[in-house]
Structures are given as C-alpha cells and as structure tokens.
Amino acid sequence: MAKTVKNSKRRMDALTLERIVDAAIELLDSEGENRLTFRALAARLETGHGAIQWYVPNKNELLKTATKTAVSAVVTQASPGTAPHDAIRALALGLFNAMDAHPWVGRELIGSPWQPTMLWIFELIGRQVKALRVSSDKQFTATSALVTYIIGAGGRESANSRAPEASGNRQELLDAMATVWGHLDPNEYWFTRTMTEQLRRHDDREEFLAGINLILDGLETTHLPLHELELPT
C-alpha cells in the first residue's frame, strides 16, 4: 500500500497545469470536444483522474483554461503607438488564426460568451474602440459588434474549412459551389447569382479582414460633426 501511495504521489508531482492543458488541447484538436474526458486525458498523461482534478476540478473549467491558452498564444496586446485600426486588425487576425488552428475554440467562445477569455477579448478591442474616439454612448455597441463579427465569422470559416465537403481541393469546392449558384432561379436568387465569380475567387482571410474594415469605416463616422459628413444627394 505504501508503495502505491508513493508512486501516485510521484505521478502527481510530475504533473503541472501546463502539461494538463497542453494535453487537453492536443486531444481537442485531434478528437474534438466530445472525446475530451478525464478518462481519456488521464490515459494520455499516464496518470489518474484524481491527479488531474487536483489542478482542474471539471471539464468545463478545463475547456475554459484550454481556450485561454490557445487564444493567448496568438493574440497579444498592441504595442504602444500602434494605430487603433491596425491593433484591431491584428487582434482580429490573431483570433481568426486561433480558431483556424483549433476549431473548438470558436465553438467554446460562442457557447460560453461570459467566460474570462471573452471578457479579455472585449477589453482589448474596447480599448482600441475608445482610442478611435468613438463617442462614449456608442462604445459598448461598437465593441460588441466587432467581437460578435470576429468570433462569429472566424468561427464559421473555421467550421466551414473542416466540413466533410471541404476535405478535398478548396478551389474545386468553390468552383462547384459557384456553378450551383450560377444555376439558381434568376427570379428568386437574382442577387446571389451576381456573386458567383466573387465566391469562386475569394480568400477567407481577406474577406474576414474586409468585413473588419467595413465596421471600422462605419466607426469613423461616429465621432465626426454632422456638417462634416458626406450626405447622399
């Protein structure tokens, strides 16, 4: 009995929260959220459930910690002097890359919108929105719109890229989709039919950043006096 206790303690001492989270991320990347269990993680780490729970009490907390680790690896605070537009684009692209590398990250952020990582993202983007001189009564809405677009669009693109139909050549898939769009009913889908060539040649990251630019262009008008706005004639 004493030997068993001693060996168990040695295994616990060899563990760290970082090792557990890294193993969880590897498991999530390869198997998905449904396969992340303490049993599977214990087998991967060659330890027992209790040793893992010494550091992380449950799967929910483990997912939150893994999400924070994956996002923090590619998203950093802007350096002093960085223009707000550039800082927001860098944050957005970092999150896009995190969700592209780890498809479960987008689902976790969307599914748990009040977790610490989302709060951190909101804070980083909100600081840049304030630096853009957006009026105080519009800062919450502007920050929320950016966060919603970044997480929603980035998570969707990540999911689309890993859908079963996307497992082959991307351009072949886009060509096939464009062909389908081109044969839609011209009365019911007259607009969609005009987008076939843009669908065929679009780049996911470029389109994602173009969406960010559209939002930022709109924010440019929120702090301008009315007489400086260019009104339609």
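Overview of values
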read-out: Rough spin-label spacing in nm, given labels placed 7 Å along Cα→Cβ, for residue 37 and residue 188; value: 4.4 nm
read-out: Extension reserve of the residue 199-residue 175 stretch, reckoned as 0.36 nm per residue once the Cα distance is removed; value: 7.8 nm
read-out: Estimated inter-spin distance, residue 209 and residue 127, nm [label 7 Å along Cα→Cβ]; value: 2.2 nm
read-out: Backbone N under 11 Å from the residue 73 label point (7 Å along Cα→Cβ), restricted to region 102-135; value: 102-103
read-out: Full-stretch length increase - residue 61, residue 44 - with 0.36 nm per residue and alpha-carbon distance subtracted; value: 4.3 nm
read-out: Highest average packing first - 86-92, 76-82, 198-204, Cβ atoms within 10 Å; value: 86-92, 198-204, 76-82
read-out: In sequence order, calculated HN-Hα J values of region 85-99 (Karplus, 6.51, -1.76, 1.60; Hz; x Gly/Pro); value: 4, 5, 5, 5, 4, 5, 4, 4, 5, x, 5, 4, 5, 5, 6
read-out: For region 190-197, 3J(HN,Hα) per residue [Karplus equation, 6.51 cos²θ - 1.76 cosθ + 1.60, θ = phi - 60°, Hz, x = Gly/Pro]; value: 5, 6, 4, 4, 6, 9, 4, 5
read-out: Using a Förster distance of 30 Å, the FRET efficiency for residue 114-residue 83 (Cβ separation, nearest 0.05); value: 0.50
read-out: Local electrostatic count at residue 96 - Lys and Arg +1, Asp and Glu -1, tallied over other residues with Cβ under 13 Å; value: -3
read-out: Selection of chymotrypsin sites (Phe, Trp or Tyr not before Pro), region 74-115, meeting DSSP coil and at most 13 other Cβ within 10 Å; value: 114
read-out: Dipole of region 73-222 [Lys/Arg +1, Asp/Glu -1 at C-beta], most positive-end residue of 88, 173, 124; value: 124
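Computed from the coordinates by the stated procedures, all read-outs in this text should not be read as laboratory data. No experiment lies behind these values; they were computed from the predicted model shown. Note: ideal-geometry Cβ built from the backbone for every residue, glycine included; neighbour counts use all protein chains shown.
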